[in-house]
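Only one structure is covered here, and it is reproduced in the block below.
No lab work stands behind these numbers, since they all come straight from the coordinates. No experiment lies behind these values; they were computed from the predicted model shown. Virtual Cβ from ideal backbone geometry, glycine too; neighbours counted across all protein chains shown.
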Amino acid sequence: MMNSKAEDQAVRTYQLKAIAHGAMVVLVGMFAGVMLTFSVLGEISFWPLFSMTVDVPGDTSLWRGAHTGPIMNGLMCIILAGTLGLVNADPQSAKRVCISLILMVWGNTIFYIARMWGTDNRGLALHTEKYGDGNIFDLIALVPAFVVVGFGIYAVVTVIKLAFKAAKRA
C-alpha cells in the first residue's frame, strides 16, 4: 500500500498530464482564433509585412466555435485537474478523472475542427436531416464528441462528489 506522499505524487502526476493536454487544446483554440481572423478579413495579413487575399475554408461561425470551444474545454480540463489535490482525490479517482478529461478535450477538439469541412448539418448528424446529408467529416466530428460526452460528465460529477466529501471533512 502506498503512503500518503506517494499517493499525493501519483495524484500530482495525473494532474500535470491533464493540465498539459488542456493547455495543448487551448493552443489549438488559439490557432483557430488566428484562422478566425483570416476568415473574417478574407485575407492573411501580417501588417506591415504582407497581406494576401484568401478564401479561408469553412464558415466564419465555425471558426469562432473552433476558437472558443477548445479554449473553454481546455480551461475546464486545467481547472478540474487542478482541483484534484484540493478535493483530496485518491490516486485511482485522479487517474480516472484525468483520463476522462484528456479524452473529453481531444474528442471535442476533433469535433470543432472536423465539422469545418462537414455539411450544413455541422457535424451534428450522420444521416440526412433538415440541414442536409452528412459526409465523412460529419462522421469524424460527431463520433468522438458523442463518445466522450460521458467522460466529461463523469469527470465533472466525480469532482463534485469529491468536493462535497472534502467539505464535510473540512
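By other beta-carbon atoms within 10 Å, ranking Phe38, Phe46, Phe31 with the fewest at the front produces Phe46, Phe31, Phe38. Distance between the pseudo-spin-label points of Thr68 and Phe50 (7 Å out from Cα toward the beta carbon): 3.3 nm. Here r is the Cβ-Cβ distance between Thr37 and Ile153 and R0 is 41 Å; the resulting FRET efficiency, rounded to 0.05, is 0.80. If the segment from Asn135 to Leu16 were pulled out straight at 0.36 nm per residue, it would be longer than the present Cα-Cα gap by 39.1 nm. For segment 88-149, the set of trypsin sites (Lys or Arg not before Pro) satisfying both a DSSP loop assignment and a count of at most 13 other C-beta atoms within 10 Å is given as Lys130. Against the chain, whose longest principal axis is taken from its Cα atoms, helix 136-169 shows a tilt of about 30°. Across segment 59-67, computed HN-Hα scalar couplings (Karplus, 6.51 cos²θ - 1.76 cosθ + 1.60, θ = phi - 60°) run 6, 4, 5, 6, 5, 4, x, 5, 7 Hz from first to last residue, x flagging Gly and Pro.
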